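Reading through the structure tokens given below for one structure.
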Amino acid sequence: MAETVIIADDLTGGNACGIAFARQGFRVLSVPAAFANEDWRDWDVLTVNTETRERSPEEAYESVRRACANAKKTGARFLFKQNDSAMRGHVGAELAAALEGSGERCAVFVPACPGNGRVTRNGIHYVNGKPCKEADIGWLAAYPPASSSIAECIRPYVRVSLLDLGIVRGPERRLRETLAAFRERGGIIVADAEEDRDVRRIAQVVASMDFSLAGGSYVFAGELAGIRRPSAGTPCAHPVGGPSDANNGVSLLLAIGSLSERTKRQIAEALQTGAFVLKEIDVKEDAACGRMGEIMEAARRCYAEGKHLILVPERPASHPGTAIKDSGRQVADRFAAFVAELLDRTGCWSGLVLSGGETASAVLKALATKGIVLHEEVFPTCPRGTILGGIADGMPVVLKAGDWGNFSALIDIAAHMAGTTCRGAAE
């Protein structure tokens with residue numbers, strides 16, 4: 001087993017953490033929990049996706065406990081528990097499960113992503129200036145934040161200590177002494193952070209105190225990765241796309257399941273370039289089958305013209321978010337089955353782009369994928385990798401979180417893929 005294991009509640013979030021380690025020169029493989037028990041000793045870092053954000057608290061607890069126990073049993077020396085930066089899902093249950101499964105008494109939890117509007121102040125977590133329970137992103141989740149107070153989310157499951165910003169920014173000796181005292185108490189230490197420098201300082205002290213379990217955001221994971229191998233690897237520069245270079249002879253298949261307003265704007269911006277074609281798929285049972293011929297023809301035209309095909313689940317005319325949200329996994333599975341069949345029948349794509357964690361997981365499962373070799377970032381938190389195993393073995397893939405990235409994100413991804421030669425799964 002890899003020495004470092006990331007246990008993620010969502011595919012795109014886990015890969016955002018994984019790519020932070022890849023950026024530092026680590027060999028990183030992302031796998032579904034079903035394949036976590038295989039022999040992955042040739043990898044430095046393993047990202048395990050438990051897909052628990054939309055499951056019940058009981059299922060989430062058991063899945064995370066089992067994943068952490070297996071990682072420790074097979075030789076992992078450091079575990080990182082990734083959770084949603086907007087506090088959706090089962091943060092408290094999963095952190096408690098990570099403690100039990102790993103056998104550790106204490107972990108430091110830093111969910112802040114200051115550069116993306118996620119900050120923690122006095123134990124309250126904010127998303128774009130709003131307490132996370134009031135943030136717009138919450139309605140998209142089956143399990144929105146139970147409270148904007150991180151302690152209130154965690155306390156029903158495990159003891160909580162709060163590391164306030166005054167201590168984080170104060171004398172290092174005081175920070176160490178406070179962490180040591182909290183560590184002795186056990187449980188989860190929730191740290192305030194409003195700026196990247198706060199996250200960096202926490203990571204430096206946590207690493208020097210040799211914590212074996214930590215959790216939180218990809219920013220915290222990235223800081224820990226840099227400390228664990230500070231001289232290895234450098235961030236890569238990538239092209240930033242515009243209308244003129246969004247295709248360049250490459251045809252991509254984009255499967256986008258996210259419902260966020262940001263994603264809708266990203267699609268609209270892409271369509272304006274003329275290099276993208278949008279098709280909505282009716283995800284009601286058996287309805288999509290009748291459109292396969294039409295979509296296959298659209299795929300062939302895209303390939304012939306060097307364009308990219310965007311597939312999205314059709315939204316009901318009234319209350320578009322609610323209907324999809326209420327049956328999210330079923331919708332994702334049907335949409336994924338359609339995408340997998342199209343890819344299998346056409347086989348002409350230069351790469352695959354998946355947006356939205358649940359959609360990405362469902363599509364990769366439908367393709368019988370065993371894992372993704374993570375190579376580099378298209379832009380922060382948006383990794384490019386190579387599919388390992390299944391129908392699309394060896395195909396380049398980009399994974400983007402739904403509510404993430406600039407409005408030009410899809411254009412930038414296409415430009416990056418046009419300038420990238422696949423390194424292959426064996427790399």
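The values are calculated or read from the model by the stated rules, or taken from the named source; none is laboratory data. Quick caveat: nothing in here was measured; it's all calculated off a predicted structure. Every residue, glycine as well, gets a Cβ built from its backbone with ideal geometry; the counts of neighbours run over all protein chains shown.
Which residues, counting only those in segment 240-268, are crowded, with 16+ Cβ neighbours inside 10 Å, assigned to a helix (DSSP H, G or I) and modelled with pLDDT of 95 or more? Once the filter is applied, which keeps residues that are crowded, with 16+ Cβ neighbours inside 10 Å, assigned to a helix (DSSP H, G or I) and modelled with pLDDT of 95 or more, segment 240-268 yields Gln266, Ile267. For segment 11-22, the criterion of being surrounded by fewer than 24 Cβ atoms within 10 Å (Cβ to Cβ) and on the phi < 0 side of the Ramachandran plot is met by no residue. Reported count of residues in segment 362-402, each being basic (Lys, Arg), surrounded by fewer than 20 Cβ atoms within 10 Å (Cβ to Cβ) and under 15 Å from the mean Cα position of the chain (by Cα), is 0. In segment 347-390, of all residues being among the charged types (D, E, K, R) and part of a strand (DSSP E or B), the one that is farthest from Ala409 (Cα to Cα) corresponds to Glu376. Residue pairs whose Cβ atoms lie under 8 Å apart, separated by 6 or more positions or on different chains, with the first residue in segment 378-402 and farther than 18 Å from Trp349 by Cβ and at pLDDT 95 or above and the second β-branched (Val, Ile, Thr) and assigned to a loop (DSSP other than H, G, I, E, B), do not occur.
Close contacts from segment 330-346, counting a first residue that is assigned by TED's automatic domain parsing to the domain that holds Gly356 and a second that is of a type in the set (Ser, Thr, Tyr), with Cβ to Cβ under 8 Å and a gap of 6+ residues or different chains, come to Ala332/Thr359; Ala332/Ser361; Phe335/Thr359; Ala336/Thr359; Thr346/Tyr303. Within segment 125-135, being surrounded by fewer than 21 Cβ atoms within 10 Å (Cβ to Cβ), out of contact with any Ser or Thr (no Cβ under 8 Å at 6 or more places or on another chain) and not basic (Lys, Arg) holds for Asn128, Gly129. Of all the listed residues (Glu38, Glu62, Glu94, Glu54), the sole one being part of a helix (DSSP H, G or I) and surrounded by fewer than 23 Cβ atoms within 10 Å (Cβ to Cβ) is Glu62.
Looking across segment 181-204, the residues that are within 29 Å of Trp404 (Cα to Cα) and part of a helix (DSSP H, G or I) come down to Asp196, Arg197, Asp198, Val199, Arg200, Arg201, Ile202, Ala203, Gln204. Within segment 113-124, the set of residues being surrounded by 17 or more Cβ atoms within 10 Å (Cβ to Cβ) and either more than 19 Å from Gly187 (Cα to Cα) or of a type in the set (D, E, K, R) (or both) comprises Cys113, Pro114, Asn116, Arg118, Val119.
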